[in-house]
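Note sheet for the following structure.
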Amino acid sequence: MRSTTGPESGPTPLEQTVRAEIAAAERPDRPVRRWLRGIRRRIDRHPRLRFAYRIGVGVLGGVIAVAGLALVPLPGPGWLVVFLGLAILGTEFAWARRLAAWVKRMLDRFWAWWKARRAARAA
């Protein structure tokens, strides 16, 4: 991968805004996050309920992720659906959190490469 040192290689204002909004939404002090942590504590107190919850999260997240993979070649939000499925799985499984982080890094690298390639072609 070639990198450029010109101003084209930096993130655009839109990318900066999106990243800032994502970081703000992931803050642990948000009311929805506190509410979800309370629900999670109640589920964790009951082993059978926790087991059923894990199965439900696994099935729901898996179905959504696989459906997203099926949608990737079609026009529309295929990758968005895959990330939604991984996010659901990531609430319960550490491997899904790691996989989602890895895929995000790879897509970010691809996007940087693509922008550099387009800038080089335009020059």
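Would you mind stating whether Val103 is at pLDDT 85 or above and part of a helix (DSSP H, G or I)?
no
Only one of Arg54, Arg50, Arg34 is open to solvent by 60 Å² or more (accessible area, probe 1.4 Å), modelled with pLDDT of 90 or more, over 26 Å from Leu14 (Cα atoms) and more than 20 Å from the chain's Cα centre (by Cα); which? Even if it seems obvious, please write down each step before you answer.
On the way: Arg54 fails: more than 20 Å from the chain's Cα centre (by Cα); Arg34 fails: modelled with pLDDT of 90 or more.
Being open to solvent by 60 Å² or more (accessible area, probe 1.4 Å), modelled with pLDDT of 90 or more, over 26 Å from Leu14 (Cα atoms) and more than 20 Å from the chain's Cα centre (by Cα) holds for just one of Arg54, Arg50, Arg34, which is Arg50.
The values are calculated or read from the model by the stated rules, or taken from the named source; none is laboratory data. Bear in mind that the values here come from a model prediction, so they are computed numbers and not experimental data. In case anyone asks, the SASA skips ligands and DNA or RNA and just uses the protein heavy atoms, side chains included. Shrake-Rupley method; radii C 1.70, N 1.55, O 1.52, S 1.80 Å.
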